[in-house]
Each structure stands twice: as structure tokens, then as C-alpha cells.
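Worksheet: the structure to be examined is printed underneath.
The values are calculated or read from the model by the stated rules, or taken from the named source; none is laboratory data. As the structure is a prediction and not an experimental result, all values here were calculated from the model. Glycine gets a Cβ as well: all are built from the backbone with ideal geometry, and neighbour counts include every protein chain shown. Accessible surface areas use protein heavy atoms only, side chains included; no ligands, DNA or RNA. Shrake-Rupley method; radii C 1.70, N 1.55, O 1.52, S 1.80 Å.
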Amino acid sequence: MRRSVAPSQLQGNPLKKPKFIPPGRSNPSPNEEITKLNPETELFEVAANKSQNDSKRCSLSLLHAKESTREINHRDNCSGKSCSEGFSFPTIDPPHTVHSASTELTVSTAKEEEPDNLVKYFSVVWCKASKKKHKKWEGDAVLIVKGRSLTLKDLEGKDIGKGIGYRFKDLEKIDEGQMLMIGGKEIEVMGIISPDDFNSGKCFQLGGGGSAISSSSQPAKKYFSSPFKNVCKLDSKKNVQNDFQDCKPRHDPYAPRSTIISNRMNGRNGAILADEMGLGKTLQCVSLIWTLQCQGPYGGKPVIKKTLIVTPGSLVNNWRKEFQKWLGSERIKIFTVDQDHKIEEFIKSPLYSVLIISYEMLLRSLDQIKNIKFDLLICDEGHRLKNSAIKTTTALISLSCEKRIILTGTPVQNDLQEFFALIDFVNPGILGSLSSYRKIYEEPIILSREPSASEEEKNLGERRAAELTRLTGLFILRRTQEVINKYLPPKIENVVFCQPGALQIELYRKLLNSKAVRSCLQGWLENSPHLVCIGALKKLCNHPCLLFNSIKEKECSSTSDENEERSIYEGLMNVFPADYNPLMFMEEESGKLQVLSKLLAIIHELRPSEKVVLVSNYTQTLNILQEVCKRHGYAYTRLDGQTPIHQRQQIVDGFNSKYSSDFIFLLSSKAGGVGLNLIGGSHLILYDIDWNPATDIQAMSRVWRDGQKYPVHIYRLLTTGTIEEKIYQRQISKQGLSGTVMDLTKTSEHIQFSVEELKNLFTLHESSHCLTHDLLDCECTEEKNYTDDSLEKLPVSRNCQLGPHQQKSNSLKPLSMSQLKQWKHFSADHLNLPDPFLERIRENVSFFFQNITNQATAM
Ligand SMILES: Nc1ncnc2c1ncn2[C@@H]1O[C@H](COP(=O)(O)OP(=O)(O)OP(=O)(O)O)[C@@H](O)[C@H]1O
Ligand SMILES: [Mg+2]
């Protein structure tokens, strides 16, 4: 199944340097016709521009269709004339949006209000009070007039002056050119700021985000500038004209779904491509590199020569493969760094234009890499750069390359500081300094979300959030899985609640009674003993023999740190049979393992040509799963953190090949999950659950992606009534995940637990068939399980009803509680389970949830 024609249909010869007509653009009028192109056309916008300081800089940003169609049409308008006349880079509001003409707007509404409620905003310049006639202004500021008080904020949002008790009459008259004294500072009013520009934050230094931030010693008005004018002044008009006249696009820009590259933000060179997993971010980069290496807007001259791609180790060879798949091996020479291919080789040979390297290797070869002039830097799975203090980020920041792209299927969206780090990496300074960003965006946004926030705070926070989204939206592109759903086979997702085994229950009770757990519940959380308790419970859920091993290990060690840990294991040994041998573990000892083993058997029997990806976050658990494979004689392959990087792609390719005899792919999701294509498997079993839904979603996306031929079955195994259910609930609960929380690096260490929450975590619900369902407040009963038929008959107002899907569930966002309620669900004693796989495992299962995506495409 191909979404588009393959690769090597890209025409052209890089050596010929064909000419290119830039998509000319001036600010289009609002009523400009915009309908010429197929509205579905997505435009990956990359453009070249010149600025005063840098005569050849390329700005990368990603853009959606509508705006770009305007650009194209505008180009149409300029055809026949000299393109340079009409060619104008898009400008966005400059940092200071001074509305000098909008006096009536602010003041007239204000007049109707009570003096105390009157709020007006002005842009001002300030200096320390002095008697000098010719003032030396020290900076720009924003003046807020509220009732009878004045507040002066600098352009980083900090208060720098306050005054109260002014006469309302005087304040009412404030206008352009007026001088005032406030808190020992003299100010001159430069213009009126609309409430809109204040609320959105645009009036501050960062608000416009377009051109570089100017020195604050100039009055506000001077910031108005047309970036394009500067460009024109640079070259003689004649030269510019010649350049453009000679340019011709290599492909028809009017063809349906054509991709146009043009500039969007003057002086900005970075972008974040955050398309959901499996949408083809790699291919988009391959085509971008190829395009920029072949052409450019100035006389057709290529925009880039050398590209550096930094990626997780597992994907280095995948990148090479994608280049080969789409461009063949002749067009671009790729160099991948590994043990046998040292970076020196790349430096010596002029043939190579793309260097692909893992993050680890980058750190090791940083000095050499710094000496190479790269024109484009691509950071795959770049969410790891969210922390600006870590070595990888500082190393990458130290590279001089200005055109930077972050690729991530799981962007950080919940943590505003981490979001800042990613933005600041691709477009340094666009949000100002961290401290001003905090003042202008983070603080008002967070404050507005507090339950105690006033109306005013809520409004301000919402406006600032909207402005932040607008500003960053200029260079972040995120499309969801829905765009390719129609090309994919059905996906059947199951959440399977497995009954714990007798030994598991006994050990679980004992653990909950341990000194360690009890002291956690009394609030003794220094040195995080609760994390050890959580770890022990999770191990037990996977298999009691894992716990046995930990107890044995701790028995042998004697450091004081470990004494604490030992206290959780006290008395547990007695619960194990005297001759317990962890190597001879039994499947029945773990509810999940028993279900897994049956599931594998039934898949093997019913779908002999299909394969299974088996995922765990722990190497030790993978060892157990591997042992199960051996015992049952299933051929398997394995990829975890220990797998040498150069072998990883080979393992993946082997499994995906139709000639491979492997039935099972054992995958450590944390070590190697990101970015892999495992379409050879059509069943994916998540053996354990992670605190972070992003990790699980990442893993699940490995099989349901382009190239998958079979309906995909996903099984998430949870031990009924235990901590695993609680973690799952946390994953899907509104509190933790109302938005698109997609941060792969969050682990339990980052989670703050209240004692109340710990109490809940450290409770075993032995009598429940499914605690999660109990919490859904669902009206269905065991006698009346919800199937498609019964649900359709339910009145709309009832809690548990599938009905028409209100929320789109196809996208890869974490599931919410209300969405889960819309899934079909059954208790195991429900007769006639509709699924042959579930039917065979129900003996050990207490409850299921199931959701089918793309059912229409038939199984
Ligand atoms: N337009 C397309 N037509 C056909 N196949 C495509 C297209 N785009 C991508 N693919 C294929 O889809 C698969 C997934 O693409 P890719 O690995 O680039 O996804 P991704 O967006 O990087 O996902 P992740 O976030 O998981 O890394 C690849 O095999 C790729 O070749
Ligand atoms: Mg990828």
C-alpha cells in the first residue's frame, strides 16, 4: 500500500542547478482569492532570504495549505512583472506593535467605565528622572494605567515602576508625546497599545517573534521595519531582477498536492516537524534536503551543501535506508558514522553531503563535527532536547549551523519550560530570555489555570497562551494520524485485565503490609522509598520470580542505602516455596504471563503467517518472555539497550522480511522503541505499563503504520486490582492527561505523589473484576454487557454509551476516561466474546475493553 508514488520519480540533476522562481509574496489582501490549489495541499515551507547581516540565510518553517495558497496566487499576480517588485517576504508583527492610530478604540470604551476599572496600555520610553533637556532614553517599556495607578513594565514583563494616587482626570488625557514621572523614572508616551496586544503579549519584546530583537535604547516606533526592504537594499535592484528572472521552478507549483518552499519568518531558520508517529517525517526531510541541495531562490543556487542528521542509534541505518528508498543511491551520498566508518572519512571526501550520526556518537566526535560547516541540522526524535542543561543539547547548541529542524512524534506540550527549550533550540531568542518568557507567558498561563484564578487572570492567561500558540505555530507543524488512517488496515485495541495468580496475591498483600510501605503512608518519603515500593509491586505484577531475584540480591548486599530497600522485602522469602527456583518459573505464577502464553499460542494457531511484537520496559522481564519463547519453541529476535547499534537495523529488517521465520520480536520500548518500523508484526503485546502514556503510544505505533498488510491487534495486559490498573488510570485520567501530554522522558521519578495518592496506589482490590471500569461510573452491569447492539439502544443521556463517537479517537493522543467509556467492554464471563483471540484467554481474564479503528476497511 503506497501513499504516493515511490522514490526515484524525483527528477532532475543536481549538477545542472536548475533555476527556481521564488514564490513571490507580499502581504495578501484579506479578500484575495485563495482557491486555486487543492485545499488539501500541505505545504512544507522552506525559504531563503537575505538579511543585512547574513547574505545567504535560509529560513525554515512549516506552513499549512491555505496560507500558502495565497502565496502561490500572489505569485500569479506578479507574473509578467519583475518578480522582485512583488516579492516580499512575509512579515509578522514586529516586536512592538504600537497602535498610534487606535486612540478612539481604547479610550472610548474606557470612558464608559468606572474610573477604577479603566485600564489602558501605552508603549513608552523611559530614563531616570533628570533635569537635562535632552533625555537619554534608557529603554522601552509598557505603561499600564489602571484606575488611578500606573505600572511600568520592561519588555521582559518585569515591573520597573509603580505609582498610585494620580488624578483620574490627568490619566484620562495621556496621549502620544506626553511626559510623565513614575517611580523615579521619566517616561515619554510613544503610542497606545490595544488591550488585545497587551493581553496577547505582543507588545512585549517577544510578542512579534519576527525580526531579531532590537536594542532597547531606541524608541518603540523605530521597530517597524519591512524585512524585505532590507533584502532589496542589499543587492542592486538589477541583480535581484536578473536572479529572479532566470529562476524557474523544477516542478509545477500548481499541480495538485504540490509542495511549495518559501519563507515565512524573516531571519528565523528553525522549524519543528511534529507530525504524529509514522506519518513520514523522514521522507519529508529527505525531500527537503534534496530540494535545498538542488536549488534556491537566488539564481537557482543551492541553499545548502552539507546536512547533519542526529538520530537515536537504532535509527541511523533506517535513515540511510529511507534515503536509498526515495532517492536511490546515486543522487545524494550519505555517510553514516559507526565503529567501522569514522568521521574522518566524511571530512576527507567531498562526495558526501549528508552525515548521519547517533546522539551518543555526536558527543564523542563533537570537536570534529564543530569544524565541519553544516548548513542544515536535523535532530530526529528531538524531544530529548527539551532539557537545555543536558550534554546533548549543549553540544548541539554549540554547533554554528543556523537552520535547525527538530523531528518529534511526541512533542512536549505540557511543560512550558521544556517547550521553551525546544523552541529556543530551533529559533534561538524568539521567545526572549527564559526569565522574560516566564514573566510574559508561563506565569500568566499557569496562574490562569489555578482554580482560584480571577476572571482577569483567566483572560490574560488564555490570551497569552493563544499568542504563544500563534507565534510558535508559525514554525511548528503537527498533523495527526487521521491523515493516513484511510490507508491503514483496521486496528483492534484491547485492554486486558488479567487475574493475578495465588502466589502473586499473597506476596502482594505481604508487600503492602511491609514496614517500608507503612512508613511511606505516614509521609516518610525522604530518599523516595515509595519508588522502591512501587518498583517491587510492578515487578511482582510481571512475575514473582523477578521479585525473588531482587530479594536475593539485596540479601547479599549490605550498604545502608539498601537497608531501607531491604525493609520492604522483610518476610517475603517465607511466602515463596522453600525450593523456589526463579529459573524454573511457572507461567501460572503470573496472571499476565499465563494470558500471554495462551495469546501467543492462539495467534500461532489461528494466524500462522502473522508475527508478534512483544514489548516490555524491563530487560529482566524480557528475559522471562524470551524464556517463554524458548519453552514453546517460538522463533524470536530481540532488540534492547544492549543490542549494538550497527546490528539494530539488521534485526528490524530481518523481522520485517516475509522470509523471516521469527514469530516474535522482543522489544525493550525504552531502549529502542522510538522511530522503529516493525510492520512485519501485526500483533503487539504491551506486557507492562509505563507511567508515561507516550512510551506506550510510541510502542504501539511501531506496527500500525504504512506498509502494514494485516489488521493490527494491540493487547495491553494489566493485572486486575493492582498498581498496574492505577498507573493505567493515571495515564488516562483527566487530571494528568487532559491535553496531549506527550513527553517520553517523564518517569515515575518526576511524579510527585501525595500521601493520599500513595494510599490509593498501595491498595489491592481483590474483589474487583476491573477497578478501572468501577471508576468509570458506567451504568452497565455484568448481565448487561455492552456490545454494539445493546449500546445503540441506550438513551443518549446514559453514562455508558458508544453512540456516535464524539471525540475522534484515531489520533495518537492519550486516551481519556470518557473515551475509554465509549469503548466496548465485557467481563470475561460474558458469553460469546466477539473476538476469537479473547475468547481463548478469558479463563484468566476478568475484564476487557476493546476499540476498533478503521473497521470499515474490513478485517
Ligand atoms: N508519502 C509516503 N508514501 C509512502 N510511504 C511513506 C510515505 N511517507 C512515509 N512513508 C513510509 O512510512 C514509513 C514511516 O515513516 P517514518 O519512519 O518516516 O515515520 P515517522 O514520522 O518518522 O514516525 P516516528 O515518529 O515513529 O519516527 C516509512 O517506511 C516511510 O518510508
Ligand atoms: Mg521517525
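What tally of residues in region 679-694 results from selecting those that are open to solvent by 10 Å² or more (accessible area, probe 1.4 Å), in contact (Cβ under 8 Å) with a residue 40 or more places away in the chain and within 14 Å of ligand 1 (Cβ to nearest atom)?
Summing the residues that are open to solvent by 10 Å² or more (accessible area, probe 1.4 Å), in contact (Cβ under 8 Å) with a residue 40 or more places away in the chain and within 14 Å of ligand 1 (Cβ to nearest atom) in region 679-694 gives 1.
Yes or no: region 363-375 includes at least one residue that is under 16 Å from Gly429 (Cα atoms) and away from ligand 1 (no atom under 16 Å from the Cβ). So that I can check it myself, show each step before the final result.
Residues of region 363-375 that are under 16 Å from Gly429 (Cα atoms), as a first pass: none.
Scanning region 363-375 turns up no residue that is under 16 Å from Gly429 (Cα atoms) and away from ligand 1 (no atom under 16 Å from the Cβ).
Taking region 97-149 as the region of interest, how many residues are of a type in the set (Ser, Thr, Tyr) and modelled with pLDDT of 50 or more?
So in region 97-149, the residues of a type in the set (Ser, Thr, Tyr) come out as 97, 100, 102-103, 106, 108-109, 121, 123, 130, 149.
Imposing the further condition that a residue be modelled with pLDDT of 50 or more reduces the set to 121, 123, 130, 149.
So the count comes out to 4.
Only one of (1) within 15 Å of Ile309 (Cα to Cα); (2) open to solvent by 70 Å² or more (accessible area, probe 1.4 Å); (3) away from ligand 1 (no atom under 16 Å from the Cβ) fails for Lys321. Which number is that?
Exception for Lys321: condition (3).
Modelled with pLDDT of 90 or more, within 26 Å of the chain's Cα centre (by Cα), within 13 Å of ligand 2 (Cβ to nearest atom) and crowded, with 22+ Cβ neighbours inside 10 Å: does that describe Ile309? Outline the logic, then answer.
Working: modelled with pLDDT of 90 or more: yes; within 26 Å of the chain's Cα centre (by Cα): yes; within 13 Å of ligand 2 (Cβ to nearest atom): yes; crowded, with 22+ Cβ neighbours inside 10 Å: yes.
So Ile309 fits the description; yes.
So that you can scan it fast, the table gives a plain yes or no per residue for (1) open to solvent by less than 20 Å² (accessible area, probe 1.4 Å); (2) more than 40 Å from the chain's Cα centre (by Cα); (3) on the phi < 0 side of the Ramachandran plot:
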{"residue": "Asp140", "(1), (2), (3)": "yes, no, yes"}
{"residue": "Leu143", "(1), (2), (3)": "yes, no, yes"}
{"residue": "Arg148", "(1), (2), (3)": "no, yes, yes"}
{"residue": "Leu152", "(1), (2), (3)": "yes, no, yes"}
{"residue": "Asp159", "(1), (2), (3)": "no, no, yes"}
{"residue": "Gly165", "(1), (2), (3)": "no, yes, no"}
{"residue": "Phe168", "(1), (2), (3)": "no, yes, yes"}
{"residue": "Leu171", "(1), (2), (3)": "yes, yes, yes"}
{"residue": "Glu176", "(1), (2), (3)": "no, yes, yes"}
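Taking region 388-421 as the search range and keeping residues that are more than 15 Å from ligand 2 (Cβ to nearest atom) and of a type in the set (Gly, Ala, Ser), which one is nearest to Leu434 (Cα to Cα)? I'd like the intermediate steps shown before the answer.
Residues of region 388-421 more than 15 Å from ligand 2 (Cβ to nearest atom): 388-404, 412-421.
Next cut, of a type in the set (Gly, Ala, Ser) only: 388-389, 395, 398, 400, 421.
Working: Ser388: 11, Ala389: 13, Ala395: 19, Ser398: 18, Ser400: 21, Ala421: 9 Å.
Residue satisfying both the conditions and the ranking: Ala421.
Looking only at region 679-729, how many residues end up being more than 14 Å from ligand 2 (Cβ to nearest atom), within 21 Å of the chain's Cα centre (by Cα) and outside any helix (DSSP H, G or I)?
The number of residues fulfilling the criteria is 6.
Need pairs with beta-carbon distance below 7 Å; first residue within 14 Å of Leu308 (Cα to Cα) and within region 272-298, second of a type in the set (Gly, Ala, Ser) and assigned to a loop (DSSP other than H, G, I, E, B); sequence gap 6+ or separate chains.
Filtered contacts from region 272-298: Gln293/Ser353.
Would you point out the residue of region 556-609, among those that are crowded, with 20+ Cβ neighbours inside 10 Å, of a type in the set (A, V, I, L, M) and at pLDDT below 95, that is nearest to the chain's Cα centre (by Cα)?
Across region 556-609, the extreme among qualifying residues is Ile568.
Let me spell it out: the conditions are (1) more than 16 Å from ligand 2 (Cβ to nearest atom); (2) buried (at least 22 other Cβ atoms within 10 Å of the Cβ), and Leu385 meets all of them except one. Which number is the exception?
(1)
So, restricting to helices (runs of 4 or more DSSP H) that lie completely within region 446-536, which ones have at least 2 residues that are modelled with pLDDT under 90 and in contact with a Cys (Cβ under 7 Å, 6 or more places away or on another chain)? Reasoning before the result, please.
On the way: elements: 455-473, 482-485, 502-512, 515-521.
Counting at least 2 such residues, we get 515-521.
Answer yes if at least one residue in region 286-297 is open to solvent by 20 Å² or more (accessible area, probe 1.4 Å) and within 16 Å of ligand 2 (Cβ to nearest atom), and no otherwise.
For region 286-297, residues open to solvent by 20 Å² or more (accessible area, probe 1.4 Å) and within 16 Å of ligand 2 (Cβ to nearest atom): present.
Restricting attention to region 456-466, does a residue exist that is within 23 Å of Leu764 (Cα to Cα) and in contact with a Leu (Cβ under 6 Å, 6 or more places away or on another chain)?
In the first step, residues of region 456-466 are kept if they are within 23 Å of Leu764 (Cα to Cα); the result is none.
Scanning region 456-466 turns up no residue that is within 23 Å of Leu764 (Cα to Cα) and in contact with a Leu (Cβ under 6 Å, 6 or more places away or on another chain).
Select from region 460-469 the residues that are open to solvent by 80 Å² or more (accessible area, probe 1.4 Å) and in contact (Cβ under 8 Å) with a residue 12 or more places away in the chain and list them in ascending order. Show your work before the answer.
Here is the first cut: in region 460-469, the residues open to solvent by 80 Å² or more (accessible area, probe 1.4 Å) are 462, 469.
Answer for region 460-469, where residues must be open to solvent by 80 Å² or more (accessible area, probe 1.4 Å) and in contact (Cβ under 8 Å) with a residue 12 or more places away in the chain: just Glu462.
If a residue has to be at negative phi and free of Cβ contacts under 8 Å to residues at least 12 places away in the same chain to count, how many in region 608-633 make the cut? Explain how you work it out, then say what you get.
Taking region 608-633 first, the residues at negative phi are 608-632.
Remaining after also requiring free of Cβ contacts under 8 Å to residues at least 12 places away in the same chain: 608-609, 623, 630-631.
Selection size over region 608-633: 5.
For the condition among the β-branched types (Val, Ile, Thr) and out of contact with any helix residue (DSSP H, G or I) (no Cβ under 7 Å at 6 or more places or on another chain), what is the one hit in Ile390, Ile406?
On the way: Ile406 fails: out of contact with any helix residue (DSSP H, G or I) (no Cβ under 7 Å at 6 or more places or on another chain).
Residue meeting the stated conditions: Ile390.
Would you confirm whether any residue within region 478-492 is among the hydroxyl-bearing types (Ser, Thr, Tyr), free of Cβ contacts under 8 Å to residues at least 12 places away in the same chain and either surrounded by fewer than 16 Cβ atoms within 10 Å (Cβ to Cβ) or closer than 30 Å to Met573 by Cα (or both)?
Of the residues in region 478-492, the ones among the hydroxyl-bearing types (Ser, Thr, Tyr) are 480, 487.
Then drop every residue that is not free of Cβ contacts under 8 Å to residues at least 12 places away in the same chain, which leaves none.
No - not one qualifying residue is present in region 478-492.
Can you find, within region 353-382, the residue that is nearest to ligand 2 (Cβ to nearest atom) among those that are outside any loop (DSSP other than H, G, I, E, B) and not hydrophobic (A, V, I, L, M, F, W, C)? Show your work before the answer.
Filtering region 353-382 down to residues outside any loop (DSSP other than H, G, I, E, B) leaves 354-364, 366-370, 376-379, 382.
Now narrow it down to the ones that are not hydrophobic (A, V, I, L, M, F, W, C): 358-360, 364, 367-368, 370, 382.
Values: Ser358: 14, Tyr359: 14, Glu360: 18, Arg364: 23, Asp367: 28, Gln368: 26, Lys370: 26, Gly382: 10 Å.
Filtering first and then ranking leaves Gly382.
Spot the failing condition for Arg331; the list is (1) in contact with an Asp or Glu (Cβ under 8 Å, 6 or more places away or on another chain); (2) more than 16 Å from ligand 2 (Cβ to nearest atom), and only one is missed.
That leaves (1) as the condition not met.
For region 409-420, indicate whether the set of residues that are farther than 25 Å from Ile679 by Cβ, crowded, with 22+ Cβ neighbours inside 10 Å and within 16 Å of ligand 1 (Cβ to nearest atom) is non-empty.
Scanning region 409-420, I find at least one residue that is farther than 25 Å from Ile679 by Cβ, crowded, with 22+ Cβ neighbours inside 10 Å and within 16 Å of ligand 1 (Cβ to nearest atom), so the answer is yes.
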